[in-house]
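Worksheet: one structure, shown below.
What follows draws every value from the coordinates through simple rules; no lab data is involved. Quantities reported herein were computed from a predicted structural model and do not represent experimental measurements. Note that we place each Cβ from the backbone using ideal geometry, even for glycine, and neighbour counts take in every protein chain shown.
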Amino acid sequence: MLLTVLTLYMSAFSSNIILDKAKEDAGYSISQLSQNIDTLLQTYEQIVDSLYVSTEMQNMLLDNYNSFAEVQQVYLNYIQPYEQWITTSRELLQFSIYTDNPTFQYAQVHYIDEEVKSTDWYRSLQGQNKTLVKTWTVSKEYALLRKGTIRLAQKVHNAATNREMYTVIDIEDRMIHNLISRENESQRYIAKPFHRC
């Protein structure tokens, strides 16, 4: 009887030690995973920050143009190389710039009309007193393609003109799922998929 009680006690004691060690390891793994996801998302935030610091490009996007030829020339000589640098440096589904300038609408540069103002990303950036505001949202724009999409939108405040400008990038949620899968193949994580329509 004493041997049975002692065996049960030692079994429970060793089980608790193993369980505590497993919890500790899982905590470290989740902490590392969190840091890696944060680092990945920060690389995309640095992309949108690049327009924020380029006042010359902001001014080009906000200038009034009298002809399509002028817009095309500015786009091809200045905006397109910037866009190509962004789209080749990171894996993006979409890169867009939105301005309140109706005279500059070309390729990935869009006018902020009523349709844009009704979008989730636009509304999430309104009412912010800060000059540098970023939001991450889940986009339903690519639902027909069965792609879960995460959208980063940033308000670009131009103090000299006080006009509206935003940069928006879309990335596939699979990038985060892939990071989770690669993080530690010996650990198992359950990732809740984004809701797809």
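For the pair Leu19 and Val53, a Förster radius of 45 Å applied to the C-beta separation gives a FRET efficiency near 0.35, rounded to the nearest 0.05. Here the 3J(HN,Hα) profile of region 167-180, calculated from phi with Karplus coefficients 6.51, -1.76 and 1.60 at θ = phi - 60°, is 10, 9, 10, 10, 10, 6, 5, 4, 4, 6, 4, 5, 4, 5 Hz, Gly and Pro shown as x.
Each label was represented as a point 7 Å from its Cα along the Cα-to-Cβ direction; for Glu114 and Asn178 these points are 4.1 nm apart.
Computed from the Cβ-Cβ distance with R0 of 30 Å, the FRET efficiency linking Thr161 to Ile37 stands at 0.25.
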